[in-house]
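The values are calculated or read from the model by the stated rules, or taken from the named source; none is laboratory data. A quick note: this is a predicted structure, and the numbers were derived from the prediction, not measured. Note that we place each Cβ from the backbone using ideal geometry, even for glycine, and neighbour counts take in every protein chain shown. Remember, those area values only see protein heavy atoms, side chains included, never the ligands or the DNA or RNA. Shrake-Rupley method; radii C 1.70, N 1.55, O 1.52, S 1.80 Å.
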Amino acid sequence: MKILNFGSCNIDYVYSLDHIVKEGETQTSLLLETFAGGKGLNQSLAAARAGAEVYHAGYIGSEGIFLKEILKDSGADVSYMRETKKKNGHAVIQVSKNGENSIFLYPGSNEMLTREYIDCVLNDFSPNDIVILQNEVNLVDYIVKRAFEKEMTVVLNPSPYNKKIENIDLNMLSYLILNEVEAEDITGNKAPDDCLDFFKKNYPHLSVVLTLGAKGSVFLSGEKRVFQPAYKVSVVDTTAAGDTFTGYFVAGIAKNEEIGEILKTSAFAAALTVSKKGAAPSIPTLKEVSEAIKN
């Protein structure tokens, strides 16, 4: 089972600060580092490092060629990626001394997708394959519709949440992977159980993974609910933790693993990610995750 990711590729400019800058405040950065990032790239890296067959599709600017190389070196197929003269998408990330982050994005090349390009890529995939999407590229609603028509397994991580998500028919999804903030945006409910009840009632055929930060995650499918606790580590940088969880989860689905085992492996992978700096460099391999579980 192949995984196709129409995903963003960003250059992350990471500023280390004492605390996240408040409105009207000026603060001198302690350090500036540049990393490969973007939710799409991170999730493709995670799925590839988890041992899945991953194909990444999307556009990069001329200064983002190294992002393509990072994907390729991690085992992802990059033959569908295209280059443009438009400036590459990038993120400005503040990281506090406590490891919390605050991010804003410039979409750039990530919003260059066309219907013709999407159809061309999808022609090479079958109903047995998985398409994974985030909300850092354009035409996500069109990709969902076309993949659903091809009877592919459609996985959506609705992040970052904005009005574009409301254009997507959630009935066309197979899996929805989201955090508490995104769940509240979609359902109008604050309590995790109320959010899950909303999805169960309104989208009975949809499988949902609700991530709860340090409290863990919950999987919902029909009457089945599975809780997975988070694993405690020393937090250095929370960037890409959710993307790592998502990538490992989708890799587990692609390998037809049991849901409890998928959640456990994904949680361990996310925990290892937050113990290191940066996005792409912090995503562990399956070997590293397996050793962590063993120990």
Candidate set from segment 83-92 (those that are without any contact (Cβ under 8 Å) to a residue 40 or more places away in the chain and open to solvent by less than 90 Å² (accessible area, probe 1.4 Å)); member that is nearest to TYR59 (Cα to Cα): THR84
In segment 231-266, the residues that are within 26 Å of THR34 (Cα to Cα) and of a type outside the set (S, T, N, Q): VAL233, VAL235, VAL236, ASP237, ALA240, ALA241, GLY242, ASP243, PHE245, GLY247, TYR248
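Test PHE104 against the criterion of being of a type outside the set (Lys, Arg), closer than 18 Å to ASP243 by Cα and open to solvent by 70 Å² or more (accessible area, probe 1.4 Å), and give yes or no. Spell out the reasoning first.
Numbers: of a type outside the set (Lys, Arg): yes; closer than 18 Å to ASP243 by Cα: yes; open to solvent by 70 Å² or more (accessible area, probe 1.4 Å): yes.
So PHE104 passes the test.
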Residue in segment 287-294 that is open to solvent by 60 Å² or more (accessible area, probe 1.4 Å) and under 22 Å from GLN134 (Cβ atoms) present: no
Residues of segment 231-246 satisfying the condition of being more than 20 Å from ALA52 (Cβ to Cβ) and either out of contact with any strand residue (DSSP E or B) (no Cβ under 8 Å at 6 or more places or on another chain) or at pLDDT 90 or above (or both): TYR231, LYS232, VAL233, SER234, VAL235, VAL236
Which numbered condition ASN256 fails, given (1) open to solvent by 10 Å² or more (accessible area, probe 1.4 Å); (2) part of a helix (DSSP H, G or I): (2)
Residues satisfying the stated conditions in segment 203-241, i.e. under 15 Å from the mean Cα position of the chain (by Cα), touching a residue at least 60 places away in the same chain (Cβ under 8 Å) and surrounded by fewer than 23 Cβ atoms within 10 Å (Cβ to Cβ): THR238
Checklist (1) farther than 22 Å from GLY89 by Cβ; (2) out of contact with any Ser or Thr (no Cβ under 6 Å at 6 or more places or on another chain); (3) in contact (Cβ under 8 Å) with a residue 24 or more places away in the chain applied to SER174, failing item: (2)
Segment 268-295: number of residues that are among the aliphatic types (A, V, I, L, M), closer than 23 Å to ILE93 by Cα and assigned to a helix (DSSP H, G or I): 6
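Condition check: touching a Phe, Trp or Tyr at 6+ places or on another chain (Cβ under 9 Å), without any contact (Cβ under 8 Å) to a residue 40 or more places away in the chain and β-branched (Val, Ile, Thr). Does VAL95 satisfy that?
no
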Checklist (1) exposed (fewer than 15 other Cβ atoms within 10 Å of the Cβ); (2) under 20 Å from ILE103 (Cβ atoms) applied to ASN128, failing item: (2)
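Please report, ordered by residue number, the strands (runs of 3 or more DSSP E) entirely within segment 85-196 with at least 3 residues that are out of contact with any helix residue (DSSP H, G or I) (no Cβ under 6 Å at 6 or more places or on another chain) and at pLDDT 95 or above.
Working: elements: 90-95, 101-106, 130-133, 153-156, 175-179.
Hits in segment 85-196: 175-179.
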